[in-house]
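The values are calculated or read from the model by the stated rules, or taken from the named source; none is laboratory data. Just so we're clear, the structure is a prediction, and the values are computed from it rather than from any experiment. Quick reminder, even Gly has a Cβ in these numbers, built from the backbone with ideal geometry, and neighbours come from all protein chains shown. The protein model used for the area step is the full one, side chains on, heavy atoms only, and it has no ligands, DNA or RNA in it. Shrake-Rupley method; radii C 1.70, N 1.55, O 1.52, S 1.80 Å.
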Amino acid sequence: MKLNYAKIFQLEEEYGSSFYLLDVDKLKGNYRKMEEAFTSQYPKCIIGYSYKTNYLPFLCKELSSLGAYAEVVSRLEYDLAVKLGENPERIIFNGPVKTKDDIFRALHNKSILNIDSLYEIEYVKEYCFNHPEEMIKIGLRLNFPLSDGGESLLQDGYEVGRFGICVENGNLQTAINMLCDVRNVKIVGLHGHFSTKTRSVKAYRLITKKLCVLAKHFFKDTIEYIDIGGGFYGELPKGFHLEAPSFNDYAEAIGETMIKEFAGWENKPLLIIEPGISMVANVFRFAAKVIEVKNVRDNTFVLVDGSVHNIKPTMHKNNLPMQVITQNEGGNRNSQKTFSIVGYTCMEKDYLAHNVVSPIPCIGDYVLFDNVGAYTIVFNPPFIKERPAIIAIRDGETIVARKKETIKEFFNEALYLF
Ligand SMILES: *Cc1c(COP(=O)(O)O)cnc(C)c1O
């Protein structure tokens, strides 16, 4: 859909002066490209969409209808997937904190359950003893060092990751021992999701290889899946400040490694991937109206009806790709100036963009920020203002995927004492 000022103004009339736009065709394109990339390298592949990255119900259902499994990391997300009609056998339940009831529910429903710590194994054992007639299958998330030439590949400079069961200190062996006298349980999966600094192809080769080697060593007779998690780059907009590997680059490295490691196996394990960012980042835009253009000493601030929380909850300093939709298209646009775009909160650091060099937008224009689909909708705090509407665009049609919040939902009377 072409977004000119007339269209934006029409949306403003209905939804107010800031809103998200979800491009459904692009979402479908991402899913199909990823599926094609991975299945062409390794046909036995499952894509589990990482709910926490953006659990907009409309979006989760759309991905499910394309064939995605649901990858969840809490009971809240698990229950959402069920509520959306997902078959529980197509839910992958990860995450560090699970109650006994969570584990019982997942096992009863035959969901794909990956254990993150040893305490969960006690619950698994209890379930097994209570249900001697069932054969229980579980996966283990593993923790092992991930380094390239001695340098840790983990995000934010961490030397040691906190997730999963440690292989090096013998905890993996402990987990196996804890279950060795349980007749009706099988460890069928190994999981390794890592957040790496560079999201490099090389990191995925290392992760895949390590999981395959451990699977062959410890679980040769029971292994059914290798789950390498998410963390891939998605397609970045042209002119973005970095180069990223493509889905094909990742798929080739991971697929090749699987094929090599399981060479000669008649029944090779399934490959599970759990993309989040790479599936949804580039399918959302955020539109915010320019309220004021003001000068403070030598600086120009463009004030919009939006906040850094709407587009960059981590408040990083890189400017997102953006576009200005102006009312006087073809009119006299002023020359290139430097300005910053600031938001409605009362925080000094509420910058949506720093030092943009471009013609200065006018009051009433719209700024469209691109690539805002990941960790925004789920991370947008209820701070100062209601959260904006989300408008999906499918086949040129607009669909309200989420209404603009009102004071009624913001201060839910069922929760707060008035
Ligand atoms: C967050 C997460 C993902 C998705 O990560 P992205 O970086 O959004 O692709 C996948 N699996 C697990 C276990 C996660 O915690």
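Here are the numbers for this structure:
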{"item": "In segment 1-35, the residues that are in a loop (DSSP other than H, G, I, E, B) and closer than 20 Å to residue 291 by Cβ", "result": "3, 16, 17"}
{"item": "Residue list for segment 192-204, restricted to those being in contact with a helix residue (DSSP H, G or I) (Cβ under 8 Å, 6 or more places away or on another chain), under 13 Å from residue 229 (Cα atoms) and not small (Gly, Ala, Ser)", "result": "194, 196, 204"}
{"item": "For residue 222: the one exception among (1) buried (at least 18 other Cβ atoms within 10 Å of the Cβ); (2) touching a strand residue (DSSP E or B) at 6+ places or on another chain (Cβ under 7 Å); (3) β-branched (Val, Ile, Thr)", "result": "(1)"}
{"item": "Candidates 302, 280, 290 - the one that is assigned to a strand (DSSP E or B), open to solvent by less than 40 Å² (accessible area, probe 1.4 Å) and under 21 Å from residue 389 (Cβ atoms)", "result": "290"}
{"item": "Pairs where the first residue, in segment 242-256, is closer than 18 Å to residue 30 by Cα and the second is of a type in the set (Val, Ile, Thr), C-beta under 9 Å, 6+ apart", "result": "245/201; 249/201; 250/201; 250/273; 251/39; 251/273; 252/201"}
{"item": "All positions within segment 322-343 that are assigned to a loop (DSSP other than H, G, I, E, B) and at pLDDT below 95", "result": "326, 327, 328, 329, 330, 331, 332, 333, 334, 335"}
{"item": "Enumeration of residues in segment 247-266 that are part of a helix (DSSP H, G or I) and either open to solvent by 10 Å² or more (accessible area, probe 1.4 Å) or of a type in the set (Phe, Trp, Tyr) (or both)", "result": "247, 248, 249, 250, 252, 256, 257, 259, 260, 261"}
{"item": "Test: residue in segment 75-82 that is β-branched (Val, Ile, Thr) and in a loop (DSSP other than H, G, I, E, B)", "result": "no"}
{"item": "Selected residue (criterion: nearest to the ligand (Cβ to nearest atom)) from residues of segment 353-392 that are under 29 Å from residue 412 (Cα atoms) and assigned to a strand (DSSP E or B)", "result": "390"}
{"item": "Qualifying residue in segment 159-166 (condition: of a type in the set (D, E, K, R), part of a loop (DSSP other than H, G, I, E, B), away from the ligand (no atom under 16 Å from the Cβ) and without any contact (Cβ under 8 Å) to a residue 40 or more places away in the chain)", "result": "yes"}
{"item": "Matching option when the condition is away from the ligand (no atom under 16 Å from the Cβ) and open to solvent by less than 10 Å² (accessible area, probe 1.4 Å), among 269, 237, 275", "result": "269"}
{"item": "Checklist (1) of a type outside the set (Val, Ile, Thr); (2) open to solvent by less than 40 Å² (accessible area, probe 1.4 Å); (3) within 16 Å of the ligand (Cβ to nearest atom); (4) within 25 Å of residue 215 (Cα to Cα) applied to residue 128, failing item", "result": "(3)"}
